[in-house]
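Worksheet for the structure shown next.
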Amino acid sequence: MEASLKKFKELFELEDTDIRTYSPLTLAYIGDAIYELVIRTILVEKGNTQVNKLHQRASKLVKASAQSEIIEKLKPYLTEEEMGIFKRGRNAKSFTMAKNASMSDYRRATGFEALMGHLYLTEQWDRMLELIKIGITEGEKDGE
């Protein structure tokens, strides 16, 4: 499989778009899906188990409070550009809010998702996976 968004664009006849024109909430929209796909892939690859258990494990990592904790652990590892993208996402005015999440957790989670979306759309997949691994590993060290 060709590891490039170019294949998507060719197959579905999509035009190239300057990612700088995307709103932070658009980046968060795709980032949310990509992050969840990475988490689900990790869990499935760890072994076959009941779907309910997979869902419970995934939910612990993809909920807003968990993403908020992850981005706090990642801040020392972020480049200036990555921090800027996170802040744009965090500061974006959303008209929705996650259930069972504080406004501050929800905003930090949106910033995290915007960063994941940016890294995905700019095909910086190694960096995206590296940050996810750091965030999960640091969380496990703290017993979360």
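The values are calculated or read from the model by the stated rules, or taken from the named source; none is laboratory data. Predicted, not measured: the structure shown is a model, and the values here were computed from it. Backbone-built Cβ (ideal geometry, glycine too); neighbour counts: all protein chains shown.
Would you mind finding the one in 122, 110 that is under 12 Å from the mean Cα position of the chain (by Cα) and touching a residue at least 40 places away in the same chain (Cβ under 8 Å)?
Answer to the selection: 110.
Looking at (1) surrounded by fewer than 15 Cβ atoms within 10 Å (Cβ to Cβ); (2) at pLDDT below 95, find the lone condition where residue 126 falls short.
All conditions are met except number (2).
Whether any residue in region 19-31 is out of contact with any Gly (no Cβ under 8 Å at 6 or more places or on another chain), among the hydrophobic types (A, V, I, L, M, F, W, C), surrounded by 12 or more Cβ atoms within 10 Å (Cβ to Cβ) and without any contact (Cβ under 8 Å) to a residue 24 or more places away in the chain is what I want to check.
No, every residue in region 19-31 fails to be out of contact with any Gly (no Cβ under 8 Å at 6 or more places or on another chain), among the hydrophobic types (A, V, I, L, M, F, W, C), surrounded by 12 or more Cβ atoms within 10 Å (Cβ to Cβ) and without any contact (Cβ under 8 Å) to a residue 24 or more places away in the chain.
Can you tell me which residues in region 92-107 are in contact (Cβ under 8 Å) with a residue 12 or more places away in the chain, hydroxyl-bearing (Ser, Thr, Tyr), part of a loop (DSSP other than H, G, I, E, B) and farther than 9 Å from residue 64 by Cα?
The one that is in contact (Cβ under 8 Å) with a residue 12 or more places away in the chain, hydroxyl-bearing (Ser, Thr, Tyr), part of a loop (DSSP other than H, G, I, E, B) and farther than 9 Å from residue 64 by Cα: 94.
From the list 73, 60, pick out the single residue that is in contact with a helix residue (DSSP H, G or I) (Cβ under 7 Å, 6 or more places away or on another chain), without any contact (Cβ under 8 Å) to a residue 12 or more places away in the chain and under 19 Å from residue 140 (Cβ atoms). Let's see the steps before the verdict.
Numbers: 73 fails: without any contact (Cβ under 8 Å) to a residue 12 or more places away in the chain.
Only one candidate passes the filter, namely 60.
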